[in-house]
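Peer 1: What follows is a single structure, and I will ask about it in a moment.
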Amino acid sequence: GENVEQHPSTLSVQEGDSAVIKCTYSDSASNYFPWYKQELGKGPQLIIDIRSNVGEKKDQRIAVTLNKTAKHFSLHITETQPEDSAVYFCAASGASGGSYIPTFGRGTSLIVHP
Amino acid sequence: EAQVTQNPRYLITVTGKKLTVTCSQNMNHEYMSWYRQDPGLGLRQIYYSMNVEVTDKGDVPEGYKVSRKEKRNFPLILESPSPNQTSLYFCASSLWTGDNEQFFGPGTRLTVL
């Protein structure tokens, strides 16, 4: 089955700096790569996603890049703000074995210091 | 408002006492799933359902049961809870497969003594 590795587990930055979170996956059949943000006491919420036919996608201060050959994808947050502090999860899913079970990384706790 | 609801939000119980966590979505989604979240382990899928009366095991199904009698509801059943099932549980739904944005509920914090 799919295996998703996420790094770092904790990331501490100063307000205004950029933050980068990286994920690798193992199943070449995976074709959907979402990123979720989980604020304290809440369920995860999708912030951006990318499919395998696209190399990069941007939405205001966040962007995701995908390298299918190397099987890794990254989340980039520019001009970080204190409200970006949360746990971020990457995931990978696709038609491996006929099912579409998403596999999540273990999460990155992002702390943005004012 | 489009949402996924779970009940209860918090539950403390004892080993062996059967319990059910309810999940309901109002978005007419085909796909629903249950996850557990444990420190350092991220989100792991317990069971999922592609449609009414269609359910399948995820990565960690042992000790859990589910049913999907109606499209909107997907309850999680613990027939005989054990302390290793103490966790934070999330229900999620998406339009069709898990290959799309998933909408998560607010979570249920379960403690089994």
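The values are calculated or read from the model by the stated rules, or taken from the named source; none is laboratory data. Predicted model only: the values in this text are computed from it and were never measured. So basically every Cβ, Gly included, is an ideal-geometry build from the backbone, and we count neighbours across all protein chains shown.
Peer 1: Any idea which residue in the range A:76-106 is modelled with the lowest pLDDT, counting only those that are in a strand (DSSP E or B) and either more than 13 Å from the chain's Cα centre (by Cα) or among the small types (Gly, Ala, Ser) (or both)?
Peer 2: Filtering the range A:76-106 down to residues in a strand (DSSP E or B) leaves A:76-77, A:86-94, A:103-104.
Narrowing further to those that are either more than 13 Å from the chain's Cα centre (by Cα) or among the small types (Gly, Ala, Ser) (or both): A:86, A:91-94.
Working: A:86: 98, A:91: 94, A:92: 93, A:93: 86, A:94: 74.
Applying the filter and picking the extreme gives A:94.
Peer 1: Report yes if residue A:50 is more than 14 Å from chain B (Cβ to nearest Cβ), of a type in the set (A, V, I, L, M, F, W, C) and under 14 Å from the mean Cα position of the chain (by Cα), otherwise no.
Peer 2: Details: more than 14 Å from chain B (Cβ to nearest Cβ): no; of a type in the set (A, V, I, L, M, F, W, C): yes; under 14 Å from the mean Cα position of the chain (by Cα): yes.
In short, no.
Peer 1: Can you tell me which residue in the range B:35-84 is surrounded by the most Cβ atoms within 10 Å (Cβ to Cβ), limited to those that are within 25 Å of residue B:16 (Cβ to Cβ), within 12 Å of chain A (Cβ to nearest Cβ) and among the aromatic types (Phe, Trp, Tyr)?
Peer 2: Applying the filter and picking the extreme gives B:35.
Peer 1: Can you work out which of the residues in the range A:23-55 that are within 27 Å of residue B:110 (Cα to Cα) and basic (Lys, Arg) is surrounded by the most Cβ atoms within 10 Å (Cβ to Cβ)?
Peer 2: Across the range A:23-55, the extreme among qualifying residues is A:37.
Peer 1: Give me a count of the residues in the range B:13-29 that are among the small types (Gly, Ala, Ser) and either in contact with a helix residue (DSSP H, G or I) (Cβ under 8 Å, 6 or more places away or on another chain) or under 9 Å from residue B:93 (Cβ atoms) (or both). Give the derivation first.
Peer 2: Going through the range B:13-29, the residues among the small types (Gly, Ala, Ser) turn out to be B:16, B:24.
Right, trim to either in contact with a helix residue (DSSP H, G or I) (Cβ under 8 Å, 6 or more places away or on another chain) or under 9 Å from residue B:93 (Cβ atoms) (or both) and you get none.
Residues in the range B:13-29 being among the small types (Gly, Ala, Ser) and either in contact with a helix residue (DSSP H, G or I) (Cβ under 8 Å, 6 or more places away or on another chain) or under 9 Å from residue B:93 (Cβ atoms) (or both): 0 in total.
Peer 1: What number of residues within the range B:50-93 satisfy the criterion of being of a type outside the set (Ser, Thr, Tyr) and in contact (Cβ under 8 Å) with a residue 60 or more places away in the chain? Steps first, answer last, please.
Peer 2: Taking the range B:50-93 as the starting set, the residues that turn out to be of a type outside the set (Ser, Thr, Tyr) are B:50-54, B:56-63, B:65-66, B:68-79, B:81, B:83-85, B:88, B:90-92.
Subset that is in contact (Cβ under 8 Å) with a residue 60 or more places away in the chain: B:78-79, B:81, B:83, B:90-92.
Number satisfying all stated conditions: 7.
Peer 1: So, in the range B:64-84, how many residues would count as being assigned to a loop (DSSP other than H, G, I, E, B) and farther than 20 Å from residue B:7 by Cα? Steps first, please.
Peer 2: Filtering the range B:64-84 for residues assigned to a loop (DSSP other than H, G, I, E, B) gives B:64, B:67-72, B:74-75, B:79-82.
Then drop every residue that is not farther than 20 Å from residue B:7 by Cα, which leaves none.
Looking only at that region, the number is 0.
Peer 1: Among (1) out of contact with any Phe, Trp or Tyr (no Cβ under 8 Å at 6 or more places or on another chain); (2) under 26 Å from residue A:6 (Cβ atoms); (3) modelled with pLDDT of 95 or more, which single condition is residue B:104 missing?
Peer 2: With (1) out of contact with any Phe, Trp or Tyr (no Cβ under 8 Å at 6 or more places or on another chain); (2) under 26 Å from residue A:6 (Cβ atoms); (3) modelled with pLDDT of 95 or more applied to residue B:104, the lone miss is (1).
Peer 1: Is there a residue being free of Cβ contacts under 8 Å to residues at least 12 places away in the same chain, outside any loop (DSSP other than H, G, I, E, B) and away from chain B (no Cβ under 14 Å) anywhere in the range A:16-23?
Peer 2: no
Peer 1: Residues that are farther than 22 Å from residue B:80 by Cβ: list the strands (runs of 3 or more DSSP E) wholly contained in the range B:1-63 that include at least 1 such residues. If you could, list the steps in order and put the result at the bottom.
Peer 2: Details: elements: B:4-7, B:10-13, B:19-25, B:31-38, B:42-51, B:54-57.
Result: B:4-7, B:19-25, B:31-38, B:42-51, B:54-57.
Peer 1: Oh, and also: Give the residues of the range B:85-113 that are of a type outside the set (S, T, N, Q), crowded, with 18+ Cβ neighbours inside 10 Å, within 24 Å of residue A:93 (Cα to Cα) and more than 12 Å from the chain's Cα centre (by Cα), sorted by residue number. Please lay out each step first, then the result.
Peer 2: The initial filter retains those residues of the range B:85-113 that are of a type outside the set (S, T, N, Q), namely B:88-92, B:95-96, B:98-99, B:101, B:103-107, B:109-110, B:112-113.
Next, from what is left, pick out any that are crowded, with 18+ Cβ neighbours inside 10 Å: B:89-92, B:98-99, B:103-105, B:107, B:110, B:112.
Imposing the further condition that a residue be within 24 Å of residue A:93 (Cα to Cα) reduces the set to B:89-92, B:98-99, B:103-105, B:107.
Hits for the range B:85-113 are B:98, B:99, B:103.
Peer 1: Checking residue B:47 against (1) hydroxyl-bearing (Ser, Thr, Tyr); (2) in contact with an Asp or Glu (Cβ under 8 Å, 6 or more places away or on another chain); (3) in contact (Cβ under 8 Å) with a residue 40 or more places away in the chain, only one condition comes out false. Which one?
Peer 2: With respect to (1) hydroxyl-bearing (Ser, Thr, Tyr); (2) in contact with an Asp or Glu (Cβ under 8 Å, 6 or more places away or on another chain); (3) in contact (Cβ under 8 Å) with a residue 40 or more places away in the chain, residue B:47 is out only on (3).
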